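S.K.: I have a structure I would like to understand better, so I am pasting it below and will then ask my questions one at a time.
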């Protein structure tokens, strides 16, 4: 499939490269299929909508910046994602860059959890957490410690 995007122009993606958000991403429930595009020589990716070329999000693995990042997925979310094993779970966070990369923030309060085996994903709104929606990427967060667990 050839996709016309705002950021990359035309890109070619295969069906097996789709990440499916059955419920959409909060604020964008009608857009359910995305693909992950690497940004060369960086820890960042673009989560690009397959259905809307102008819709994309900069994302990164939180563990590249916050090695102690940790949360627990509730059983209903694990069921929605197809009961992935810990090895099949990938976690990404949406990044906001306003003016300078040095001032970029990551939304640690609402991680994207992706089952790499079945390509199902969801943005999970964490409850009862000290993580915020705007953690500076280049300074340590104040919050829970550890890693994502199932």
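Matching residues to (1) surrounded by fewer than 16 Cβ atoms within 10 Å (Cβ to Cβ); (2) within 17 Å of residue 91 (Cβ to Cβ); (3) touching a strand residue (DSSP E or B) at 6+ places or on another chain (Cβ under 7 Å); (4) at pLDDT 95 or above:
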site: 5; (1), (2), (3), (4): no, no, yes, no
site: 9; (1), (2), (3), (4): yes, no, no, no
site: 16; (1), (2), (3), (4): yes, no, no, no
site: 21; (1), (2), (3), (4): no, yes, yes, yes
site: 31; (1), (2), (3), (4): yes, no, yes, yes
site: 51; (1), (2), (3), (4): yes, no, yes, no
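S.K.: Separate question: Please verify whether residue 47 is touching a strand residue (DSSP E or B) at 6+ places or on another chain (Cβ under 6 Å), at pLDDT 90 or above and closer than 25 Å to residue 136 by Cα, treating the condition exactly as stated.
M.R.: In short, yes.
S.K.: Could you say whether any residue in the stretch 96-111 is part of a strand (DSSP E or B), surrounded by 16 or more Cβ atoms within 10 Å (Cβ to Cβ) and modelled with pLDDT of 95 or more?
M.R.: Yes; the residues of the stretch 96-111 include at least one that is part of a strand (DSSP E or B), surrounded by 16 or more Cβ atoms within 10 Å (Cβ to Cβ) and modelled with pLDDT of 95 or more.
S.K.: Tell me the strands (runs of 3 or more DSSP E) entirely within the stretch 1-92 that contain at least 2 residues that are within 17 Å of residue 114 (Cα to Cα).
M.R.: 18-20, 33-38, 44-49, 56-60
S.K.: Let me ask you something else. If I ask for residues that are in contact (Cβ under 8 Å) with a residue 24 or more places away in the chain and either over 13 Å from the mean Cα position of the chain (by Cα) or closer than 14 Å to residue 53 by Cα (or both), which ones from the stretch 18-33 would you list?
M.R.: 18, 22, 23, 28, 31, listed by residue number.
S.K.: Sticking with this one: Of all residues being part of a loop (DSSP other than H, G, I, E, B) and touching a strand residue (DSSP E or B) at 6+ places or on another chain (Cβ under 7 Å) in the stretch 112-128, which is farthest from residue 47 (Cα to Cα)? Just the residue, please.
M.R.: Within the stretch 112-128, the match that is farthest from residue 47 (Cα to Cα) is 126.
The values are calculated or read from the model by the stated rules, or taken from the named source; none is laboratory data. Source: prediction; values computed, not measured. Note that each Cβ is placed from the backbone with ideal geometry, even for glycine, and that neighbours are counted across all protein chains shown.
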